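**Student:** One structure is given below, represented as structure tokens, and several questions about it will come after.
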Amino acid sequence: MRFLLLGVGMQGRATLHDLVTNTAVTHVTAADVDEGALRAHVAQRGFDDDGRLICCAIDARDQEALEDLIERARPDVVIDLLPAD
């Protein structure tokens, strides 16, 4: 199953852990406005070792960029953990 995770803050980090440690998950695209912090977290946790995870930057307020990301990621499930605003 393919997942797109939008927002990798406190809740997103826990969700990312659950996704990358689940062997039924074949692909995870994790997107956050702060790609540097996302990549640092992934490296610190060792999540970047198996090739199932792609990290990218996204400003979810940009509708066109969001639609493009969804088209590229081809997720079965989208998890939205973005701030309410």
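**Student:** Kindly provide log₁₀ I(q)/I(0) values, in the same order as q = 0.15, 0.20, 0.23 Å⁻¹, from the Debye equation applied to equal alpha-carbon scatterers of segment 39-85.
**Tutor:** -0.51, -0.86, -1.04
**Student:** Leaving out ligands and nucleic acids, and using a 1.4 Å probe, what accessible area per residue does the chain come to in Å²?
**Tutor:** Value returned for the chain: 62 Å² of accessible area per residue.
The values are calculated or read from the model by the stated rules, or taken from the named source; none is laboratory data. Computed from a prediction, not measured in an experiment: that's the story for all the values here. What goes into the accessible areas is simple: the full protein's heavy atoms, side chains included, and nothing from ligands, DNA or RNA. Shrake-Rupley method; radii C 1.70, N 1.55, O 1.52, S 1.80 Å.
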